[in-house]
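Read the structure below first, then the notes.
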Amino acid sequence: MTVLVWVAYAAAYVASMAWAVKSGLNWLLIVLPILMGLVFLLLVILTSAAKQKRSERGGGVKVTEGVSGLWHYHLSEDDSKTKALCGATVMNTSTRLEDWGLAYGEHFPKRPTYCKECDLLMRESSEPLPPWGEAVK
């Protein structure tokens, strides 16, 4: 995502300078670099603030699925691909963090289960979590 922002910024800068030259608006050749420099500075500040926030909370958390059973979910740090917070071996899943603890409908052949140890470890951390469903209890 960050690379796309920088590429879009560079493209906007080049396009605006080309437009200023083509239009014959020479005063824009002075103003545009200053404005784009301020935008660049703002992007740097926002990017570093997001990194700082992520490092303060120890990285993000995602939902992962255990390899030992169908629809048994764990919580893992964003940068961990194979280990849950509780130490279990996991794999990636498309389940969102907002869906953690949901029981789903009765039309499912098997209801999902959620790791109680991961839930406790996450609740003890400073990471704010969404309200939980009855399935975790």
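Odds and ends about this structure:
- For Val63, Val3, Val31, order by how many other beta-carbon atoms lie within 10 Å, fewest first: Val3, Val31, Val63
- Note on Phe108, Phe40: ascending count of other Cβ atoms within 10 Å places them as Phe108, Phe40, the fewest first.
- Whether segment 6-52 is rounded, prolate or oblate, judged on the alpha carbon gyration tensor where a/c under 1.5 counts as rounded: oblate
- Between Phe108 and Glu77, the FRET efficiency estimated from the beta carbon spacing at R0 = 22 angstrom works out to 0.20.
Every number in this text was worked out from the coordinates using simple rules, so none of it is lab data. Note that the structure is a prediction, hence the values are computed from the model and not measured. Glycine gets a Cβ as well: all are built from the backbone with ideal geometry, and neighbour counts include every protein chain shown.
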